[in-house]
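Here is the structure we will look at, set down as structure tokens.
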Amino acid sequence: MSSRKGVKLVNFLVPCRLGRSLGSGVQYQPAYYMGSKSAVSPAIGNEDSKSQPVLEELRMPFSRSVIGSFFQEQPKLGNQFLEDAILQSYLKKHLPPLVLEEASRDLERFGQRIVEEIDSLGRECELNLPQLQQYDAWGRRIDRIITCPAWKRMKELSAEEGLIAEAYERKYSSWSRLIQVVKLYLYAPSSGLFTCPLAMTDGAAKVIETLGSPAALQDAFKRLTSRDPSQFWTSGQWMTERKGGSDVAHGTETMAYPRPDGTYTLHGYKWFTSATDSDMTLTLGRVVDEQGHIIQGTKGLSLFHLEVRDAKGQLNGIEVQRLKDKLGTRQVPTAELLLDGVKAIRISPEGRGVASISSMLGITRIHNTIFAVAVMRRVINLAREYASKRFVFGKLIKDHPLHIQTMARMEVEARGAFLLLMEVARLLGLEETNMATEQDQHLLRLLTPIAKLYTGKQALAVVSEGLECFGGQGYMEDTGLPAILRDTQVLTIWEGTTNILSLDVLRSVIKSQGLVLGSFFSAVQENLEASSNVPELSQPTSRLLHALQQLKDFSQSAGTKGSGFMELAARDFAYSLAKIFIGSLFVEHAAWAGATDTFIYCAQRWSEQDLCPVNKAEVSGCYSSEATSMDTQLVYEKSPLFMGKL
């Protein structure tokens, strides 16, 4: 702008009475004109030609041309079955040809349905969260949980697609469970968190099947595994109480009073109940005998089945106190419930509640793993699509080697988690069809908590990195990306925190008298033997064998150091098991004749990390009594709790 124009502009903006002439002859107009081009135009009938540039200058800062014409193209969701290299490769390697052909057609169709219908429903669930209406207009207590139409449609879709039924129909024998897991893996990121009630529905069906499908539960089992939307039920899982969390043995205060007809009435307070709008649930309680006595601890807990509403549609002795306000998974109605005379059926032997529900916990932990692996895959697929559209610093993001290196590291993590998930699904399918060897059964018991704890941590890291791939847009709520990170955080908490599951890994080793660990070593050795004729895999195989020997040495020496030592090492021990086993799966898959060079590359990259962190931590003295003391001092330094009280 020239100095002459600058003077004119300043003079023009000097306040004066409307219509008064300003030096150049331009008439002053109120400030409201400048806010929009749709405002009343200034009167210019008497201006000379010199006033026109000034008017144009005033218009320009607020015109559409200054806002700009560039809008970043958003990433588009493609058919996630067709775009998943490791999924395609895994199924081709493992499934029998006829099963592969039929399953692939269905998965491709389902992948397209996700793009065209399901993904938008999931977004609607995120934008229309559940609400609690406790009273009607006339003051009656109704405790109605209101969910959006998309949430209800998800229930219908789950039945239509057989997302639970697939595993129990056993159409493909032992492969049925794996195919179900794959469908859930494709579905989960677009599900609007409807995978949560599906996890507990699957778990409830598993419990009923494990109990031999007693007559009283046959109708429930048919509904839980139905493909008919009008018949399909979902199940909840009500175990957590105010004292509870994972410690149900000492935290469960719900009392169960026997009735003459053989049923029970339950009285208690459930502090955290997921998918509270479900049709039925399984829950734990303590049976009260005729003298009013109960048994404390695990031995006093029995498992009960109840329907949430009676034949008239009224709540079955349940009061909904409030919906929980959560960081993520907001789409899922989660509530605090008062049980006041709930009619229920005891479905376990008295005092065998925890043992009877263990199969449900195994299934829900696998569902946790499915979601972890699925959100990693989704955020990577969206980020790589975005990288082909975002132009910065002179070229597309995909042409910046540093960005692609970062995404490649995310990809290695996601592929490793996928292989671990598929192995657990394969073993579960073998167990459910009575085809599992003793080694398979031991591995399934060990790998289920390992997969849950390890992939939950992987997912948090990968999804967080994934949001960075979108820059500022990754932080904007209306893109839907931040919700992925919030929802992912639950994976390390639900169904046992990382530390709790690490202790569960130890329990499985102790309970089996070391047999599960022996099966682990054998399975890893077998996987690594597959690479003997592939020179490119010699280095990762060598590193994995070295880490395996370190783990064996640690396990042998740890047995002489007492339970306290192993409890302190439990987390690093579980991580070591996960890293070594995933590495062996990478090598085994890469050695397959149909594998591409990228699988060999994945095995090489995976093996470069510290594969046995428990060995490194022991060598550095992390599990010594001195370290324990210093850990406490470090954490509580300057805390009033530390002043002579710890």
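How many residues does segment 513-570 contain that are closer than 20 Å to residue 593 by Cα, in a helix (DSSP H, G or I) and open to solvent by less than 50 Å² (accessible area, probe 1.4 Å)?
6
What's the total number of residues in segment 194-225 that are assigned to a loop (DSSP other than H, G, I, E, B) and farther than 21 Å from residue 276 by Cβ?
Here the count works out to 5.
For segment 242-273, give me the residue count where each residue is in contact with a helix residue (DSSP H, G or I) (Cβ under 8 Å, 6 or more places away or on another chain) and at pLDDT 90 or above.
Matching residues across segment 242-273 total 0.
Can you name the residue in segment 329-351 that is touching a Leu at 6+ places or on another chain (Cβ under 8 Å), of a type outside the set (A, V, I, L, M, F, W, C) and not in a strand (DSSP E or B) and is also surrounded by the fewest Cβ atoms within 10 Å (Cβ to Cβ) among such residues?
Among residues in segment 329-351 that are touching a Leu at 6+ places or on another chain (Cβ under 8 Å), of a type outside the set (A, V, I, L, M, F, W, C) and not in a strand (DSSP E or B), the one surrounded by the fewest Cβ atoms within 10 Å (Cβ to Cβ) is 351.
How many residues, within segment 583-609, are surrounded by 19 or more Cβ atoms within 10 Å (Cβ to Cβ) and under 16 Å from residue 550 (Cα atoms)?
The total comes to 3.
Cβ-Cβ distance below 9 Å, separation of 6 or more or different chains: which pairs start in segment 342-362 with a residue that is within 19 Å of residue 260 (Cβ to Cβ) and at pLDDT 95 or above and end on one that is open to solvent by 60 Å² or more (accessible area, probe 1.4 Å) and among the acidic types (Asp, Glu)?
343/307; 343/310; 344/307
Whether any residue in segment 386-405 is touching a Leu at 6+ places or on another chain (Cβ under 8 Å), open to solvent by 10 Å² or more (accessible area, probe 1.4 Å), of a type outside the set (S, T, N, Q) and under 22 Å from residue 463 (Cβ atoms) is what I want to check.
yes
Among the listed residues 500, 510, identify the single one that is free of Cβ contacts under 8 Å to residues at least 40 places away in the same chain, in a helix (DSSP H, G or I), out of contact with any strand residue (DSSP E or B) (no Cβ under 6 Å at 6 or more places or on another chain) and over 30 Å from residue 404 (Cβ atoms). Talk me through it step by step, then tell me what you get.
Values: 500 fails: free of Cβ contacts under 8 Å to residues at least 40 places away in the same chain.
510 is the lone residue from the list that is free of Cβ contacts under 8 Å to residues at least 40 places away in the same chain, in a helix (DSSP H, G or I), out of contact with any strand residue (DSSP E or B) (no Cβ under 6 Å at 6 or more places or on another chain) and over 30 Å from residue 404 (Cβ atoms).
Return the residue satisfying two criteria in turn: it lies in segment 110-166 and is out of contact with any strand residue (DSSP E or B) (no Cβ under 8 Å at 6 or more places or on another chain) and among the β-branched types (Val, Ile, Thr), and of such residues it is farthest from residue 182 (Cα to Cα).
Ranking the qualifying residues of segment 110-166, first place goes to 147.
For the structure I just gave you, tell me whether residue 493 is in contact with a Gly (Cβ under 9 Å, 6 or more places away or on another chain) and among the β-branched types (Val, Ile, Thr). Break it down into steps so the answer makes sense when it comes.
Numbers: in contact with a Gly (Cβ under 9 Å, 6 or more places away or on another chain): yes; among the β-branched types (Val, Ile, Thr): yes.
Yes, satisfied.
Tally time: how many residues in segment 617-646 are in a helix (DSSP H, G or I), free of Cβ contacts under 8 Å to residues at least 24 places away in the same chain and either within 30 Å of residue 524 (Cα to Cα) or out of contact with any Leu (no Cβ under 7 Å at 6 or more places or on another chain) (or both)?
Result for segment 617-646: 13.
Considering each residue of segment 212-236, count those that are modelled with pLDDT of 95 or more, of a type in the set (A, V, I, L, M) and out of contact with any Phe, Trp or Tyr (no Cβ under 9 Å at 6 or more places or on another chain), and give that number.
1
Take segment 66-84 and flag every residue that is over 21 Å from the mean Cα position of the chain (by Cα), of a type in the set (A, V, I, L, M, F, W, C) and surrounded by 12 or more Cβ atoms within 10 Å (Cβ to Cβ).
Passing the criteria: only 82.
Return yes when residue 337 is out of contact with any helix residue (DSSP H, G or I) (no Cβ under 9 Å at 6 or more places or on another chain), modelled with pLDDT of 95 or more and closer than 27 Å to residue 153 by Cα and no when it is not. So that I can check it myself, show each step before the final result.
Working: out of contact with any helix residue (DSSP H, G or I) (no Cβ under 9 Å at 6 or more places or on another chain): yes; modelled with pLDDT of 95 or more: yes; closer than 27 Å to residue 153 by Cα: yes.
The answer is yes for residue 337.
The values are calculated or read from the model by the stated rules, or taken from the named source; none is laboratory data. Keep in mind that this is a model prediction, so the values were computed, not measured. Backbone-built Cβ (ideal geometry, glycine too); neighbour counts: all protein chains shown. Each accessible area value is taken on the protein alone, full model and side chains, heavy atoms only, with ligands, DNA and RNA left out. Shrake-Rupley method; radii C 1.70, N 1.55, O 1.52, S 1.80 Å.
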